[in-house]
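A.B. asks: I have a structure here, written as structure tokens, and I will follow up with some questions on it.
Every read-out reported here was derived from the displayed coordinates using simple, explicitly stated rules and does not represent laboratory data. Remember, predicted model here, so these are calculated numbers, not experimental data. Using ideal geometry, Cβ is built from the backbone for each residue, glycine included, and neighbour counts are taken over all protein chains shown.
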Amino acid sequence: MTTTSKPIVQQQLFIIYGAFVIATVMSCLYCLITGQFNGDFFPNPVYLTFGQLVFVAAICVTPYIFAWKVAGVFSNIPPRNVYKLPFKTNLMFFGIVSLAHAVVTILFGVGVMDREVYTAPGAIMPFIQVLNRIDPFYLGAFFILSTPKRLSTDLMAVIIMISIGLLRAGLGVFNYVAIAMCAKYSVEMIIIFRRAPWLVISSVTILPIVIGKLYEFRSSLRGDVHIELSILDMLMGRFVGRLSSFSNVAYVVQNHQSFEWSASALEPLFYAKQALSGVLGGIAPTMTPERLLIAGSQSYEGYSTFMTGVPGNLIMAWYVSPWVALLNLFAIIASTCAILWLSRYFGGGIARVFGLGMLVYPLTSGVANEFSLLLLNTIIFLGFTIIFHDRTSNGGTANA
């Protein structure tokens, strides 16, 4: 075991995983105290008992604990070589792909949230389909994590990522930015907190205002009606609720009879087909747990979905068949382990935490194609890095 591998995993990402676990606990407390859901189902009433809500919180935290433990085990098995991209090659890769994503989004509406499927000229469609396999937010996070600490360069990457995210009328990009920057600058953040806690207190104070403005801006981008909420409801009801799958899983448990009936619309191989659609396209199942969840609570036009979380996804799969649930659980475990194993070969900066850091999002949403797309991007980035790695270091060592 190297002397640095385990501290990198345990320290740089402690803030991130801790934040998502805390969001789950806070969501549980919010439901217990207010008697209503937060997140996607705010402010629907909660009828689950104290024990049921605590159980839901426990199973929502379990995926994070599992990934954390697996990453710790893998840190004890350092690879023989790690591969580091030269900075200029990394910058060129990030710049060209990000520019291409911005262009196709502006011209053809590719990736815009809550919209119909984009249309583009037939000659351009193959290019867009290949481009879509490289997620610009995973790429941005990889660039930040795999390059030396240089605030000007990192802020440039952050601005590019946020610009693409806003062009696509989504706020999820801020999660990717926060994960990458917190992982890279965790030591500096702790030092600032210790030396100038008033800065942290000031940031927390203005956070609800910033969140409210972001949600208002997103509503204008999507053409939705913006609803004014109190600071507490905005912070706890919306923001914290969106950082956790707790309320969504609790909603499934609370309405188990309805979802047990509606799950008959799911194909036995819905998870596999959904995962493969993220890689191959064109074979997505007609119905998914995410679509069932939103259709069961509001009028559904097919342009958006609600996350079920890993537990909610497995619960709905269980309603199809226990064997389907076990198959899906195996796929989630295998994908998680593969992503963490492959990330061990990344060199430069703290790139080896890429897999564990980016897994936070799929582990929260439970969406099959997010796991498969992250795995595909990990393979693409590793392949590109191996081909163009810095040969002056001869591929690097496990201690690099």
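A.B. asks: Got a sec? Which residues in the stretch 104-134 would a label at L280 touch, if it sits 7 Å along Cα→Cβ and we count backbone N under 11 Å?
C.D. replies: In the stretch 104-134, the label zone of L280 (backbone N under 11 Å from the point 7 Å along Cα→Cβ) covers no residue.
A.B. asks: List the residues of the stretch 250-265 whose backbone N lies under 18 Å from a point placed 7 Å from the Cα of V54 along the Cα-to-Cβ direction.
C.D. replies: Inside the label zone: 250.
A.B. asks: If you don't mind, there's one more thing I want to ask. For the stretch 54-115, what is Rg from Cα atoms divided by 2.2 N^0.38 Å, rounded to two decimals?
C.D. replies: 1.89
A.B. asks: Projecting each Cα onto the charge dipole of the chain (Lys/Arg +1, Asp/Glu -1 at the beta carbon, about the Cα centre), which of H256, F20, A272 comes out farthest on the positive side?
C.D. replies: Farthest towards the positive end: F20.
A.B. asks: Once the dipole of the stretch 10-388 is set up with Lys and Arg at +1 and Asp and Glu at -1 on Cβ about the Cα centre, which of V187, G111, P86 lies farthest towards its positive end?
C.D. replies: Towards the positive end, the residue furthest out is P86.
A.B. asks: Dipole of the chain, Cα-centred, from +1 at each Lys and Arg C-beta and -1 at each Asp and Glu C-beta, to the nearest 20 debye?
C.D. replies: Working: 23 positive and 16 negative charges, 286 e Å.
Roughly 1380 debye, rounded to the nearest 20.
A.B. asks: By how many nm would the segment from T89 to S264 lengthen if fully extended, with 0.36 nm per residue of separation less the alpha-carbon distance?
C.D. replies: Difference between extended and current length: 58.1 nm.
A.B. asks: If I take all pairs of Cα atoms in the stretch 239-351, what percentage of them are more than 22 Å from each other? Write out the running numbers ahead of the final one.
C.D. replies: On the way: 2469 of 6328 pairs.
That fraction is 39 percent.
A.B. asks: How would you order 378-385, 37-44, 136-143 from highest to lowest mean count of nearby Cβ atoms within 10 Å?
C.D. replies: Details: 378-385: 19.1, 37-44: 21.0, 136-143: 26.4.
Taking the mean over residues of other Cβ atoms within 10 Å, the ranking is 136-143, 37-44, 378-385.
A.B. asks: Tell me, what is a quarter of the convex hull surface for the C-alpha atoms of the stretch 17-95, in nm² with one decimal?
C.D. replies: Values: hull surface 34.6 nm².
Directional mean of the projected Cα hull area for the stretch 17-95 stands at 8.6 nm².
A.B. asks: Tell me, how many Å apart are the Cα centres for the stretch 260-287 and for the stretch 20-93?
C.D. replies: If we compute the Cα centre of each part, the gap is 24 Å.
A.B. asks: Helix 197-222 versus the longest principal axis of the chain: what angle, 0 to 90°, nearest 10, using Cα atoms?
C.D. replies: The helix 197-222 is inclined about 70 degrees to the chain.
A.B. asks: Can you compute the FRET efficiency between T392 and S321 using 1/(1 + (r/R0)^6), with r the Cβ-Cβ distance and R0 = 60 Å? Round to the nearest 0.05. Show your work: numbers first, answer last.
C.D. replies: Numbers: r = 54 Å, r/R0 = 0.91.
Calculated transfer efficiency: 0.65.
A.B. asks: Over the chain, what is the mean sequence separation of C-alpha contacts under 8 Å (at least six apart), divided by residue count, expressed as relative contact order in percent? Intermediate values should be presented prior to the final figure.
C.D. replies: Numbers: 541 pairs, mean separation 116.8, N = 400.
With pairs under 8 Å counted, the relative contact order is 29 percent.
A.B. asks: Per-residue ellipticity at 222 nm for the chain, helices alone: DSSP H runs ≥ 4 residues times -39500 (n - 2.57), over residue total, nearest 500 deg cm²/dmol?
C.D. replies: Details: 18 runs with 257 residues, N = 400.
Rounded to the nearest 500, the figure is -21000 deg cm²/dmol.
A.B. asks: So how tilted is helix 136-146 from the main axis of the chain? Cα-based, degrees 0 to 90, rounded to 10.
C.D. replies: Helix 136-146 sits roughly 40 degrees off the main axis of the chain.
A.B. asks: Picking from L293, I339, A351, whose Cα lies most toward the positive end of the charge dipole for the chain (charges on Cβ: Lys, Arg +1; Asp, Glu -1)?
C.D. replies: Result: A351, furthest along the dipole toward the positive end.
A.B. asks: Calculate, in nm to one decimal, what N255 and Y47 gain on full extension: separation in residues at 0.36 nm each, minus their alpha carbon distance.
C.D. replies: Numbers: separation 208, 0.36 × 208 = 74.88 nm, distance 0.97 nm.
Here the segment from N255 to Y47 would lengthen by 73.9 nm.
A.B. asks: Of the chain, which part is the longest with no GluC sites (Glu not before Pro) in a loop (DSSP not H, G, I, E, B) and with at most 13 other C-beta atoms within 10 angstrom? Before the final figure, lay out the partial values.
C.D. replies: Values: sites that count: E116, E228, E301.
Of all site-free stretches, the longest is 1-115.
A.B. asks: Residues of the stretch 326-349 with the amide nitrogen closer than 15 Å to a label point 7 Å from the Cα of V73, along Cα-to-Cβ, please.
C.D. replies: The answer is 330-342.
A.B. asks: Report the extension gain between Q129 and I106 in nm, rounded to one decimal, defined as 0.36 nm multiplied by the number of residues separating them, less their alpha carbon distance. Display every interim value, and only then the final one.
C.D. replies: On the way: separation 23, 0.36 × 23 = 8.28 nm, distance 1.59 nm.
Additional length available on full extension: 6.7 nm.
A.B. asks: Determine the principal axes of the Cα atoms in the stretch 301-357, then give the extent along each, sorted from largest to smallest and rounded to whole angstroms.
C.D. replies: 44, 31, 14
A.B. asks: If you don't mind, another one. Output the Cα-based Rg and Dmax of the stretch 49-199 in Å, rounding Rg to one decimal and Dmax to a whole number.
C.D. replies: 19.4, 58
A.B. asks: Highest first, please rank the peptides 261-272, 349-360, 69-80 by the mean number of other Cβ atoms sitting within 10 Å of their residues. Spell out each step's value before the answer.
C.D. replies: On the way: 261-272: 17.8, 349-360: 26.7, 69-80: 16.1.
Top of the packing list down: 349-360, 261-272, 69-80.
A.B. asks: Of the listed values (1) 20.9, 63; (2) 27.6, 82; (3) 22.6, 92, identify the label whose number matches Rg and Dmax of the Cα atoms in Å calculated from this model.
C.D. replies: (1)
A.B. asks: Give the lysines whose C-alpha is closer than 30 Å to that of K273, dropping any in the same chain fewer than 8 places away, or say none.
C.D. replies: K69
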